[in-house]
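Quick notes on the structure that follows.
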Amino acid sequence: MVKGASIKFVSYAESIPKILNLMNLQTELKKYDKIILKPCQGSSLEDYPKKEFIESILKFCLEHKNRITEVFIAEGAEGIETTDLFQNLGYTHLAETTDITLEIAQLDVTSKERVHLLSLAEANIHSAVVSKVLSSLDSQDKKIFLQNLSGKDHKRTWSHLRQKSGSIEEEIKKTIEDTVNQLLKDVKKIKS
C-alpha cells in the first residue's frame, strides 16, 4: 500500500526537516558512521539545488546523526574546479560553518530554538564577512559589491572581489574562522 503526505512549503529551513521526519530519517541516520550528500545528479550548474536546500538537509543530518558519524558533501564537476564550484553554489560556507552547527545541535533546546540560534549564527557570520569585504573596497566598489550580493550572483560577486581586492578570499576565510571560533566559545559556555 502506498502512503502519502503533504506539507505546505514555508521555507527550506522549516519544510525540509518536516519531510525528513515524516520519512523517519532521523532514526535511519543513527545507523551509519558516514553520510555522503551528493546534491547534483545532472551535468550543468543549473542542475544543482539551491544552497538553502542542501543546508537544511545538512543541518538535519548533523542534528540527528550519532556522535561518531561523519557527514560529507561529495560534489564536483568535469571542467570546473571543485573549490570554484562550491563557491559559485554557496556550498563553501556550509563546510566552514559545520562546527557551530554541530555545537548548536547538541544544546538542550527545542527544535524551534535551535533553528533560531542557527539563523543568528548565520547572520553573525554573514555580517562579519560583509563588514570585512566592505572595509577593503572604495565607495564605488562597495556599491557594486552590495548590488551583486543582493542579486545573489555568487559568480559575479567573486569575480568583482578578486579583481578589486586581490587576496580577499584568505581574509574572508580568516574572518569566518574567527567568528565561528568565537561563536563556538559562546555556545560551549552555555553548555557548561
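Some notes on this structure:
- Residue 178 being of a type in the set (Asp, Glu), modelled with pLDDT of 80 or more and in a helix (DSSP H, G or I): yes
- Of all residues in region 121-134, those that are in the same structural domain as residue 177 (by TED's automatic domain parsing) have Cβ atoms under 9 Å from Cβ atoms of residues that are of a type in the set (Asp, Glu), 6 or more apart or on another chain, in 122/55; 125/96; 128/178; 132/171; 133/171.
- Entirely in region 1-107, the helices (runs of 4 or more DSSP H) that have 3 or more residues that are modelled with pLDDT under 80 and either under 24 Å from residue 119 (Cβ atoms) or of a type in the set (Gly, Ala, Ser) (or both): 82-89, 91-96, 98-105
The values are calculated or read from the model by the stated rules, or taken from the named source; none is laboratory data. What you see is a predicted model; the values in this text were computed from it and never measured. In this analysis, Cβ positions are derived from the backbone assuming ideal geometry, glycine residues included, and neighbour counts consider all displayed protein chains.
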